[in-house]
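Below is one structure, written out as structure tokens; comments come after it.
The values are calculated or read from the model by the stated rules, or taken from the named source; none is laboratory data. Owing to the predicted nature of the structure, the values given are computational and were not obtained by experimental measurement. Because the Cβ atoms are built from the backbone with ideal geometry, glycine has one as well, and the counts that use them run over all protein chains shown. Just the protein is used for accessible areas: all its heavy atoms, side chains included, with ligands, DNA and RNA removed. Shrake-Rupley method; radii C 1.70, N 1.55, O 1.52, S 1.80 Å.
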Amino acid sequence: MDKVKIIELPKVLDKRGNLSFFENTKQIPFDIKRVYWIYDVPGGELRGSHAFKKSHEFIIALSGSFDVVLNNGEDEVKYNLNRSYKGLYVPNLLWRKLENFSTNSVALIVSSIEYDKKDYIRDFEQFKKTRYEIK
Ligand code: TYD
């Protein structure tokens, strides 16, 4: 959990509209292999509820806001993401839930690996066991 951090991205302020960006490994502490986004989330819905064995992720609220709840099997922390110029770095082996999506919010997620369903741990008890074994 101590590796989790908010990363502030460059912001190019402009009267015509602002611009932010990130580049492979410069702002993000891993090699980017995949980008996906979550949108049109109905009110009250929950995404995530799993952990990744290997994948590191960087999560940005490109639009609107939502909460990222992280759990390491012992402690839980909640981050409210609501700015398009900063995001949350989430290393592997942390249980995550994305919840409390505002209307029209967009979650942009950058991953360190290509999609691999075998990387998911979808059972919380199994997650705690895996963390314990790896430690
Ligand atoms: P999942 O990661 O379970 O969603 P959540 O955001 O709630 O954790 O993904 C939902 C479905 O989308 C799953 O059936 C697999 C598919 N999917 C891909 O095909 N590629 C991807 O990169 C991702 C993230 C999901």
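Hey, what angle do you get for helix 124-134 against the long axis of the chain, alpha-carbon based, 0 to 90 degrees rounded to 10?
80
How big is the equivalent ellipsoid of the chain along its three axes, where each semi-axis is √(5λ) from the Cα gyration tensor, reported in whole Å from largest to smallest? Intermediate values should be presented prior to the final figure.
On the way: eigenvalues 133, 60, 34 Å².
Semi-axes, largest first: 26, 17, 13 Å.
Structure shown: which of Lys5/Lys128; Lys5/Lys129; Lys33/Lys129; Lys5/Lys86 lie over 20 Å apart, alpha-carbon to alpha-carbon?
Pairs exceeding 20 Å: Lys5/Lys128; Lys5/Lys129; Lys33/Lys129.
Please give the contour-minus-distance gain from Lys129 to Arg83: 0.36 nm per residue of separation, less the Cα-Cα distance, rounded to one decimal in nm. Don't jump to the answer; show the numbers that get you there.
Working: separation 46, 0.36 × 46 = 16.56 nm, distance 3.47 nm.
Length gained between Lys129 and Arg83: 13.1 nm.
With every protein chain kept in place and ligands, DNA and RNA left out, what is the accessible area per residue of the range 5-104? Probe 1.4 Å, answer in Å².
Values: 5760 Å² over 100 residues.
Ligands and nucleic acids excluded, the result is 58 Å² per residue.
What's the carbon and sulfur percent of the chain's accessible surface, probe 1.4 angstrom, rounded to a whole number?
Ligands and nucleic acids excluded, carbon and sulfur reach 47 percent.
Ordered by packing density, taken as the mean number of other Cβ atoms within 10 Å over each peptide's residues, highest first, how do 14-20, 127-133, 53-59, 100-106 rank?
Working: 14-20: 9.4, 127-133: 14.4, 53-59: 19.6, 100-106: 16.0.
Descending mean neighbour count gives 53-59, 100-106, 127-133, 14-20.
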